[in-house]
Amino acid sequence: MIDYPELYLFNTMSRKKEKFIPQEPNKVSFYSCGQTVYQDIHVGNAKTYVAWDLLWRTLVTFGYDVMHIQNFTDVGHLTDDGDDGDDKIQTQAKSMNTDPMELVDSLIFEYHNSMDAINVHRPNISPRATSHISEMIQMVETLIDKGYAYEIKNDPGTFYYDTAKFAKYGELAKLNLEGQIKGSRKEVKIINQKRNPSDFALWIKAPENHIMKYISPKYGSKILGYPGWHLECSAMAQKYLGDTIDIHAGGVDHIPVHHTNEIAQSEAITNKQFANYWLHSEFITINGEKMSKSLNNYMSLNDLILKIGAGPTKLLLLQAHYRTQSDFSLDKAESIKIKYTRFIRSYHLGIQKLSQNSSKKVTNINSKLSNAFFDALADDLNSPLAISKINELTKSIDDLITDDGKLDTTKLNELTNTFELFFETLGIPYQKLDDDEIQLVNQILENREKYRQEKAWAKSDMLRDILEMNGYTINDTNKGHEWFKLH
Ligand code: AMP
Ligand code: ZN
C-alpha cells in the first residue's frame, strides 16, 4: 500500500501553492478549457493538455474520483480572442470550401486520435459549444435581468457585459482597470457605446453572411446571432459540474480575458465562487517566441509523433514543469528520444533477465523511489523531478543486470514494478513484454545467429529486418545481442 502525500497546487487566484481540499471528500470536479477546433493541434497546445492529463492522473492515483469536463469550442472564438475579427472556424472552413461543422467533426476525430496516441485520457465529457446554445441564451437573459448585461443601441441583438457592475472584475489577472483602454479595430463602431473599456460581448448579432447563427436572447428567431467565446465555458461548467467547481484549468493566455470573463459571468449569475483552484500552464516557445498557429512557427503534434514516436513525445511534454516556459527544438526532441530509449532499454533488459531466471514474481514497489516520485507530483505536479526518479531507477536496473554476481531477482522485480508504476502514473506510452514474446524474439535471434555462423547473410538479415519492422531495436554488442521495443 502506498501512502500518498497531500497534494499542493499553485492557485493563480492567490499566486500561492495551496493544499488541495475538494468540496466533497475524495471527489473532484475539474473543468479545463479545450481546443478551438479549426486546425490540427500543435506541440504547444499538446503541452497544455498533457499538463491536465497529468493533473487528472495524479488525482486519480491519489484516490480521488474525478469528473473532468473539457470542451470543444466550435463556435464563437473570434480571430482576435476578444470581440474582434471573424469566427476562426467559419474563416477556416470558408478557405477550405467546406461546411464549418464538417471541419469541426474531422478535427475532433483527429484530436482524439492524437491524444489517444500519447495516452492523454479522454475527459468524462467533451461537450461542444454549439450543443449548449440554449444554456448560453438563458445565461445572457439572466445577466440582462440582473442588470449585468446591456444591449448595444445601434446593434439590437448584441449584448455586452458591464464589467463595472462586478466588483471583483479582473481579480484573477490582477488587472489594473483604470488606465486600461481596450478598443480593437472592429470595436470602433461599438466602443462609444461600451460603458467600460473592459466590457465584453456575451452575444453578437450575426451579419447577413454569417454561417453559424442562432436564435438570440430576448429576440428569439427575430434576430440571429452567436455567443461570445467566454460564455460557453461558463455554461458548460455549470451544466456538468454545478455552480462551484474544484479546479478550473487553461493556458496562461486565458488569465487576463477568457477566465477573467468566465468568472464575471458565472459569479454574477450564481452569486457563488466559480472555481476554488485556478491552474494555468505556460507556453512552449520556439526561439523564445510563443509557438502559435498565427505566427506560423509551430510543429503539429502528429508530425512530432511521426518523427520521434509517441512515448518520447509524451516524455518531452512532461519534461518541463507545467508552469515553466520551455523552448522547443528538434535537437531537444532527439535528445529526449535518446533518454526515452535509455529508459525502455533498461526496463526491457530487466524484464528479460527476470523471464530468463523464471523466479517467483513479487509485487513489491521500491518505497524510497516511489515516495520521492509521489512527493514530486504532490508538489504542484513537479514532473521534471518525478522523471529524475525514473533516471535513478533505470540506473539501479542497469547496475543490477550488469553485475557479474548472483542476480537479485527480487530487487530487480521490485525495480521493474516501480518502473511500470511510474510510467503508468505519468501516462507515458510504453511497451510491456510477456514471457511468450520474449521467448519468440529470442528464438528468432537464435536462428539469426545460426544463419550468421553459417554465413547465410541474406537469411540472417531478413530475420533482423522482420524484427525491426515490428518495432524491435537490436543492438549487437561485444557480449552478444540485446533487444528492446520502443513505442
Ligand atoms: P487555442 O487553439 O489557441 O485556443 O489554444 C488551445 C489551448 O492551447 C489553450 O489552452 C492555450 O492556452 C494552449 N496553447 C496555445 N499555444 C500554446 C503554446 N505555445 N504553449 C502551450 N500552450 C498553448
Ligand atoms: Zn474556457
remark   = Given the conditions (1) in contact with a helix residue (DSSP H, G or I) (Cβ under 7 Å, 6 or more places away or on another chain); (2) within 11 Å of ligand 1 (Cβ to nearest atom); (3) without any contact (Cβ under 8 Å) to a residue 40 or more places away in the chain, every one holds for Ile336 apart from (2)
inquiry  = For the list (1) open to solvent by less than 20 Å² (accessible area, probe 1.4 Å); (2) hydroxyl-bearing (Ser, Thr, Tyr); (3) in a loop (DSSP other than H, G, I, E, B), I need the number of the one condition that Thr98 fails.
reply    = (1)
message = Just the residues that are outside any loop (DSSP other than H, G, I, E, B) and either in contact with a helix residue (DSSP H, G or I) (Cβ under 7 Å, 6 or more places away or on another chain) or crowded, with 23+ Cβ neighbours inside 10 Å (or both), please, taken from segment 119-136.
response = Ile125, Ala129, His132, Glu135, Met136
inquiry  = Being outside any loop (DSSP other than H, G, I, E, B) and modelled with pLDDT of 90 or more is the filter here; which residues of segment 164-197 pass it?
reply    = Ala164, Lys165
key: Within segment 30-40, considering residues that are more than 18 Å from His280 (Cβ to Cβ) and open to solvent by 10 Å² or more (accessible area, probe 1.4 Å), the one farthest from ligand 2 (Cβ to nearest atom)   = Asp40
Condition check for Thr61: free of Cβ contacts under 8 Å to residues at least 24 places away in the same chain and more than 24 Å from Ala201 (Cα to Cα) = no
Test for Glu282: is it of a type in the set (Asp, Glu) and under 23 Å from Ile390 (Cβ atoms) = yes
message = Tell me yes or no: at least one residue of segment 32-43 is in a helix (DSSP H, G or I), modelled with pLDDT of 95 or more and within 16 Å of ligand 1 (Cβ to nearest atom).
response = yes
ask   = Which condition number in (1) open to solvent by less than 70 Å² (accessible area, probe 1.4 Å); (2) at pLDDT below 95 is the one that Gln352 fails?
value = (2)
query = Only one residue in Ile247, Ile204 is in contact with a strand residue (DSSP E or B) (Cβ under 6 Å, 6 or more places away or on another chain), modelled with pLDDT of 90 or more and farther than 25 Å from Pro100 by Cα, so which one is that?
reply = Ile247
query = Looking at segment 309-335, which of its residues are over 19 Å from the mean Cα position of the chain (by Cα) and not in a loop (DSSP other than H, G, I, E, B)?
reply = Leu330, Asp331, Lys332, Glu334, Ser335
Of all residues making up segment 265-278, the number that are touching a residue at least 24 places away in the same chain (Cβ under 8 Å) and away from ligand 2 (no atom under 13 Å from the Cβ) = 8
key: Subset of segment 56-71 that is among the aliphatic types (A, V, I, L, M) and over 18 Å from Ala237 (Cα atoms) - its residue that is nearest to ligand 1 (Cβ to nearest atom)   = Leu59
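Per-residue answers, yes or no, for (1) in a helix (DSSP H, G or I); (2) among the hydrophobic types (A, V, I, L, M, F, W, C); (3) without any contact (Cβ under 8 Å) to a residue 60 or more places away in the chain:
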{"position": "Ile387", "(1), (2), (3)": "yes, yes, no"}
{"position": "Thr394", "(1), (2), (3)": "yes, no, yes"}
{"position": "Ile401", "(1), (2), (3)": "yes, yes, yes"}
{"position": "Lys411", "(1), (2), (3)": "yes, no, yes"}
{"position": "Thr416", "(1), (2), (3)": "yes, no, no"}
{"position": "Asp465", "(1), (2), (3)": "yes, no, yes"}
ask   = Hey, does segment 10-26 have a residue that's farther than 30 Å from Asp99 by Cβ, within 15 Å of ligand 1 (Cβ to nearest atom) and assigned to a loop (DSSP other than H, G, I, E, B)?
value = yes
task = Examine segment 280-294 for a residue that is over 20 Å from the mean Cα position of the chain (by Cα) and buried (at least 22 other Cβ atoms within 10 Å of the Cβ), and state whether such a residue exists.
result = no
inquiry  = Residues that are over 22 Å from Ala235 (Cβ atoms), in contact (Cβ under 8 Å) with a residue 24 or more places away in the chain and within 16 Å of ligand 2 (Cβ to nearest atom): does segment 42-53 have at least one?
reply    = yes
task = Check segment 232-251 and report whether any residue there is of a type in the set (Val, Ile, Thr) and within 16 Å of ligand 1 (Cβ to nearest atom).
result = yes
task = Output yes when any residue across segment 339-347 is within 23 Å of Tyr49 (Cβ to Cβ), among the basic types (Lys, Arg) and modelled with pLDDT of 95 or more, and no when none is.
result = yes
ask   = Any idea which of Ser359, Ser346 is surrounded by 15 or more Cβ atoms within 10 Å (Cβ to Cβ), within 22 Å of Asp434 (Cβ to Cβ) and more than 31 Å from the chain's Cα centre (by Cα)?
value = Ser359
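The values are calculated or read from the model by the stated rules, or taken from the named source; none is laboratory data. Everything numeric in this text was worked out from a predicted model, so none of it was measured. All Cβ positions, glycine included, derive from the backbone under ideal geometry; neighbour counts span all protein chains shown. In case anyone asks, the SASA skips ligands and DNA or RNA and just uses the protein heavy atoms, side chains included. Shrake-Rupley method; radii C 1.70, N 1.55, O 1.52, S 1.80 Å.
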